[in-house]
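A quick write-up on the structure given underneath.
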Amino acid sequence: MTDAPDLATRLAARSTARTSLVLHPSGWPAPKGYANGMAADGRIVVTGGVIGWDCEERLAAGFVAQVRQALCNIAAILGEGGAQPEQLVRLTWYVVDMEEYLANLKEIGQVYREIFGSHYPAMALVQVVRLVEKTARVEIEATAVAPR
């Protein structure tokens with residue numbers, strides 16, 4: 001048995017503006033660019049799969065540009081639901097080329113921080129054969145928890 005506060009106590013102790021808590025088991029190495037897990041209390045805001053196109057359904061040219069636009073689109077959807085990027089608890093990325101993703105990690109990280117700051121929720125990355133929009137290179141689903 002541990003003397004660590006239970007999850008409910010830890011969530012209650014957070015600031016009122018923050019709805020989530022990063023879950024990082026003791027002794028585990030620190031993840032880079034994501035969280036191992038998140039706990040949250042509040043109103044759930046969920047996006048569908050979001051790709052890197054603008055309001056006229058024009059896809060951005062290139063992988064990093066599509067990531068930038070997809071993240072901007074997610075931020076806009078979160079805003080419609082009364083949530084902010086720092087309230088994200090999960091992102092699932094679908095890419096058509098894992099090597100393309102890995103080759104652009106530095107630029108992706110810069111774009112991510114420009115749009116979402118240094119908040120890193122739990123994330124998964126999956127390579128898929130293709131996306132519904134044939135020329136899309138990346139699709140991202142997001143879940144945030146906003147204050148009630």
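Some values worked out for this structure:
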quantity	calculated
Residues within segment 32-57 that are surrounded by fewer than 16 Cβ atoms within 10 Å (Cβ to Cβ), of a type in the set (A, V, I, L, M, F, W, C) and in a strand (DSSP E or B), tallied	2
Hey, Ala83 outside any loop (DSSP other than H, G, I, E, B) and hydrophobic (A, V, I, L, M, F, W, C) or not	no
Among (1) at pLDDT 95 or above; (2) not small (Gly, Ala, Ser); (3) not in a helix (DSSP H, G or I) - the single one Cys72 does not satisfy	(3)
Residue ID - surrounded by the most Cβ atoms within 10 Å (Cβ to Cβ), chosen from residues in segment 81-107 that are under 17 Å from Arg68 (Cβ atoms) and within 11 Å of the chain's Cα centre (by Cα)	Leu88
Residue tally, condition farther than 19 Å from Pro31 by Cβ, among the small types (Gly, Ala, Ser) and touching a residue at least 12 places away in the same chain (Cβ under 8 Å), over segment 100-143	1
The listed residue being in contact with a strand residue (DSSP E or B) (Cβ under 9 Å, 6 or more places away or on another chain) and either surrounded by 15 or more Cβ atoms within 10 Å (Cβ to Cβ) or not in a loop (DSSP other than H, G, I, E, B) (or both), out of Gln66, Gln110	Gln66
Within segment 113-135, considering residues that are among the polar types (S, T, N, Q) and surrounded by 12 or more Cβ atoms within 10 Å (Cβ to Cβ), the one modelled with the lowest pLDDT	Thr135
Selection from segment 113-138 of residues that are in a loop (DSSP other than H, G, I, E, B) and among the aromatic types (Phe, Trp, Tyr)	Tyr120
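The values are calculated or read from the model by the stated rules, or taken from the named source; none is laboratory data. Since this is a predicted model, take the numbers as computed values, not measurements. Cβ coordinates were reconstructed from backbone atoms using ideal geometry, including for glycine residues, and neighbour counts include every protein chain displayed.
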